[in-house]
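Working notes, structure below.
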Amino acid sequence: NKAINSSYDVALSAGVYAISKPVRKFKRGGKITGTGELTTQIIKTTTDIEGFGSSVVRGNTINFDVDAVMIMMPDLSQGDWYAQNLQVGGFSLRYASGIKGAYGLYIPLVCLSSFNNITTSNSQKGVWSVDSWMVTWNRVQASADEPFTFGASSTAWTPNNTSQTFISCWATNTSGADSYAYNLRSMQYSTFISCGADFNGSDGNPCGGIIKALYSDVTFHNLGVEYAHAYHLLYSEDSVVKFTTPNILG
């Protein structure tokens, strides 16, 4: 934590980084890069939190003190509203065998950043955000009960997501009758390119669905879905969801 919040870019060598509490980035900007999802692994061995309490962002109390493998938060010392100007990727985030933690990547407020070549696994929620804009997600895989959540409504902050691009992202192992592979609330002018959703739900135990869109306007180019056991391919409410050449199998 001291390293990634220093003034230096951080390069993680190949290997396993076993942590007991979250990796928490609270300074703006910089790079955190590993050698790849298979070779640089950050593994949380507990469900412990840090214990520093909640934070106030623009008059709203936001809890950044959660059980997660990695947490990104605004630089409050600079008066920031968002975690911003980050370049992050090249590693995996997961909980140790036998532990199912709460969050893989917990990032309620984020903008002007890129996340590349990251996998999260063995958690209840994979990538979780409330308000994000001008963010690129490239080859991010989330294997979780709820893989991708954008516009989560469980904080004091108003959900709002705009101008995002998802490229070759993959949602897997969605579990629960109310869970969706891509759960999108208040996401505007954002695009998913060649993204996938496979192995979601199971025979006899379907998940809620593949895509849930509330108050959103999004486009899916070349969406691929295989081996889905789900109540809905798409649940759309007050939204415009556009598909070009989807491929739905099994």
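Below, the figures for the structure above:
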{"item": "Conditions (1) more than 11 Å from the chain's Cα centre (by Cα); (2) crowded, with 24+ Cβ neighbours inside 10 Å; (3) over 19 Å from Pro108 (Cβ atoms); number of the one not met by Val135", "result": "(3)"}
{"item": "Any chance Lys25 is of a type outside the set (A, V, I, L, M), modelled with pLDDT of 95 or more and in contact with a Leu (Cβ under 8 Å, 6 or more places away or on another chain)", "result": "yes"}
{"item": "Candidate set from region 22-41 (those that are free of Cβ contacts under 8 Å to residues at least 60 places away in the same chain and in contact with a Lys or Arg (Cβ under 8 Å, 6 or more places away or on another chain)); member that is least open to solvent (accessible area, probe 1.4 Å)", "result": "Ile32"}
{"item": "Residue pairs meeting the criteria (Cβ under 7 Å; at least 6 apart or on separate chains; first at negative phi and open to solvent by 10 Å² or more (accessible area, probe 1.4 Å), in region 109-127; second of a type in the set (Phe, Trp, Tyr) and not in a strand (DSSP E or B))", "result": "none"}
{"item": "Yes/no for Ala152 being under 12 Å from the mean Cα position of the chain (by Cα) and not in a strand (DSSP E or B)", "result": "yes"}
{"item": "Region 180-230, subset within 15 Å of Ala152 (Cα to Cα) and surrounded by fewer than 18 Cβ atoms within 10 Å (Cβ to Cβ), residue farthest from the chain's Cα centre (by Cα)", "result": "Tyr215"}
{"item": "Among (1) open to solvent by 20 Å² or more (accessible area, probe 1.4 Å); (2) assigned to a strand (DSSP E or B); (3) under 17 Å from Asp145 (Cα atoms), the one test that Ser175 misses", "result": "(2)"}
{"item": "Checklist (1) farther than 27 Å from Pro159 by Cα; (2) open to solvent by 10 Å² or more (accessible area, probe 1.4 Å) applied to Asn63, failing item", "result": "(1)"}
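The values are calculated or read from the model by the stated rules, or taken from the named source; none is laboratory data. Treat the numbers as computed from the prediction; the structure is a model and nothing was measured. Virtual Cβ from ideal backbone geometry, glycine too; neighbours counted across all protein chains shown. Accessible surface areas use protein heavy atoms only, side chains included; no ligands, DNA or RNA. Shrake-Rupley method; radii C 1.70, N 1.55, O 1.52, S 1.80 Å.
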